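Input: a single structure, listed below in structure tokens.
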Amino acid sequence: MKKILMLLGIASMTSFAFAQQAKTVTENEIVQIQDKYQVITNPFWDNWFFSIGGGAQVVFGNGDHIGNFKGRISPAMNISVGKWFTPGLGLRMQYSGLQAKGFTTDEVAAYSDRSPLGDGSYKQRWDFMNLHGDILFNLNTLFAGYNPDPIYEVIPYIGAGFTHSYSRPHIHAATLNAGIINRFRVTSVLDLNLELSATGTEGKFDGEHGGKHDYDGILGVTAGVTYYLPNRGFQRPVTQIISELELNRMREQMNEMALANQNLQKKLAEAQHPVTVDEVEEIVMTDVNIVPRAIFFTIGSSKLSPQEEMSLAFLAEKMKEFPDAKYTINGYADSATGTQEFNRKLSLERAQNVKDLLVKKYGISADRLTVAAGGGVDKFGQPILNRVVLVESNN
């Protein structure tokens, strides 16, 4: 067992990953920092890869003390297919192995060549394969954020599988696998890999148990290539920059349109149902004197900016002028990004955050406010206008 722990320790050595700074974009005194971890996940058939490599490996078993270390070194190869589900997490299936060498003192032991050496020991040699599934972790991405054009990446992995001996007596053994892939980018579809691997197996792997249940191991190093198909990378959400001046102009346009629509509806109602002077006076007295108010959010966020909190302060003052009026807070999200379920949840969070601020900070009674989730939409023109909460009067 100590040998396997030693092997896994060696194979799990990692290299230092340099931190990458998030990009900062400035325009018209508005600064937005792009989230270095945020990407748009790709369809299922994107980000698949195929790898092949060759090198050497050495077996650690019951006969380590027999013969020399060089005599246990044998050729190795591996073939892998896998997929990156996110820039930091992937899965693969690998077929590895080829040949193993060792020594034994038992002439009739499995894989013995039965030709005694000078010290009375015998060489062992057998062909085998190790089929295992692995979870891949890209340390560069996990710690420093997504970089679409890295030169070098460190990818540790851990997995499980089994070995099968092609040589008689065809022994099978369960395995635990771990290692480090050092990945060097060559082109947008091709990488060079240097893989350090450690495999812990059941003690029967080398055909001997040593009189008790024990464990064998394999330490290997291979160099190879990886080919990506059909799409290697991930897309970042498009960060849209808009100045406060533009934002205010859009807000005013939306409020003007909403007010015009409200006036048209009132005129239509008056044309269909003429009212008396007393009724008109009553309407004027109870008019909440407020038009739909637009509160904007950044992509993927439900957090209110300081500018929007100030806008809500003005809205709250208007609400206090009409204490009997009630309002609906409609949340929306941009349908161009995110799933339908994500956008529904995000739009609800945005509306709820607006309500919470009005209630907790500005003292508006909660029973005057109703929250509604509009989900992902594409009805307000530009994508940034769809990331909005509209506060509308119910009167």
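Just so it is clear, none of the values below were taken in a lab; they were calculated from the coordinates. For clarity, every value in this text was computed on a predicted model and none was experimentally measured. Please note: Cβ atoms are built from the backbone with ideal geometry, for glycine as well, and neighbour counts cover all protein chains shown.
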- Task: May I ask you to list the residues of the range 133-151 whose amide nitrogen lies under 20 Å from a point 7 Å from Cα along the Cα→beta-carbon direction of Phe342?
- Result: 138, 141-148
- Query: So, by mean Cβ neighbours within 10 angstrom, what's the order for 74-84, 348-358 with the highest one leading?
  - Reply: 348-358, 74-84
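For a quick protection proxy, order the peptides 201-207, 220-226 by their average other-Cβ count within 10 Å, most packed first.
Details: 201-207: 23.3, 220-226: 19.0.
The packing order, highest mean first, is 201-207, 220-226.
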- Task: Give the peptides 52-64, 179-191 in descending order of average Cβ contacts within 10 Å, highest first.
- Result: 52-64, 179-191
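Expressed in nm to one decimal, what extension gain is obtained for the pair Asp46 and Leu142 from 0.36 nm per residue of sequence separation less their Cα-Cα distance?
Numbers: separation 96, 0.36 × 96 = 34.56 nm, distance 2.02 nm.
Working it through step by step, the gained length comes to 32.5 nm.
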- Message: Under 19 Å from a point placed 7 Å out from the Cα of Leu131 along the Cα-to-Cβ direction: which residues of the range 38-53 have their backbone N that close?
- Response: 50-53
- Positive end of the charge dipole of the range 30-95 (Lys, Arg +1 and Asp, Glu -1 on Cβ, about the Cα centre): tell me which of Trp48, Ala76, Met93 has its Cα farthest that way. Ala76
- Extended-chain gain in nm, criterion 0.36 nm per residue less alpha-carbon gap, Lys266 and Thr86: 59.6 nm
